[in-house]
Amino acid sequence: MYKLFLPFLIFFFISTLIFSEEKKSRDGKTVYDAACAICHQNGLAGAPIFGDKSSWGYRVNKSLDELTYSVKNGLRGMPAMGLCMNCSEQELEMAVSYILDSL
Ligand code: HEC
């Protein structure tokens with residue numbers, strides 16, 4: 001009985017972890033407002049501006065993956081993770097999508 005119960009318990013524990021992780025995930029706007037807007041709303045430190053396509057220039061031709069990679073690792077004036085230290089890669093990607101939707 002115990003031997004059967006243990007894998008079940010482990011499965012339950014892991015799925016709880018996964019689902020609670022999912023619940024914590026913030027959407028693109030929430031992440032953008034909290035972490036990215038400080039630079040991207042007005043172009044601080046030379047950041048390309050939210051909703052202003054011309055300021056994005058050649059970047060609009062980059063893929064979502066490439067742009068998310070830049071945020072995760074930092075790019076010149078932009079610190080790694082866009083200063084959202086507790087962001088998951090998925091959250092960063094959603095924030096990038098949110099910015100791209102504005103252009
Ligand atoms: C401290 C200011 C700052 C913060 C905070 C910041 N950025 Fe940036 N970001 C910049 C600057 C400056 C650039 C331009 C970098 C360059 O090309 O020289 C940039 C560039 C980018 C680019 C273009 C990257 C590329 O490959 O050309 C994306 C996408 C981006 N930021 C998204 C984000 C997101 C999403 C966040 C929030 C999670 C964020 N940024 C937070 C300053 C910031």
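The values are calculated or read from the model by the stated rules, or taken from the named source; none is laboratory data. All values reported here derive from a predicted model rather than from experimental measurement. With ideal geometry, Cβ positions are generated from the backbone for all residues, glycine too; neighbour counts draw on all protein chains shown.
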For this session: Kindly indicate whether any position in region 58-68 is modelled with pLDDT of 80 or more, over 22 Å from Leu103 (Cα atoms) and of a type in the set (A, V, I, L, M).
Result: no
Exercise. Of Ser97, Ser63, Ser70, which residue is hydroxyl-bearing (Ser, Thr, Tyr) and within 17 Å of Asp27 (Cβ to Cβ)?
Worked result: Ser97
Exercise. Is there any pair with a first residue in region 65-84 that is on the phi > 0 side of the Ramachandran plot and a second that is among the aliphatic types (A, V, I, L, M) and more than 6 Å from the ligand (Cβ to nearest atom) whose Cβ atoms are under 6 Å apart and which are 6 or more apart or on different chains, and what are they?
Worked result: Gly74/Ala80
For this session: With respect to Met81, determine if the residue is hydrophobic (A, V, I, L, M, F, W, C), at pLDDT 95 or above, within 8 Å of the ligand (Cβ to nearest atom) and in a helix (DSSP H, G or I).
Result: yes
For this session: For region 18-38, indicate whether the set of residues that are loosely packed, with under 14 Cβ neighbours inside 10 Å, modelled with pLDDT under 95 and at positive phi is non-empty.
Result: no
For this session: Tell me which residues, restricted to region 58-78, are under 14 Å from the mean Cα position of the chain (by Cα) and either in a loop (DSSP other than H, G, I, E, B) or aromatic (Phe, Trp, Tyr) (or both).
Result: Tyr69, Gly74
Seminar exercise, completed: Of the conditions (1) within 8 Å of the ligand (Cβ to nearest atom); (2) over 13 Å from the mean Cα position of the chain (by Cα); (3) surrounded by 15 or more Cβ atoms within 10 Å (Cβ to Cβ), the single one that Ser55 does not satisfy is (1)
For this session: Would you tally the residues in region 39-52 being crowded, with 16+ Cβ neighbours inside 10 Å and either within 8 Å of the ligand (Cβ to nearest atom) or farther than 12 Å from Leu100 by Cα (or both)?
Result: 4
Seminar exercise, completed: Within region 84-98, the residues that are outside any loop (DSSP other than H, G, I, E, B) and more than 6 Å from the ligand (Cβ to nearest atom) are Glu89, Gln90, Glu91, Glu93, Met94, Ser97, Tyr98
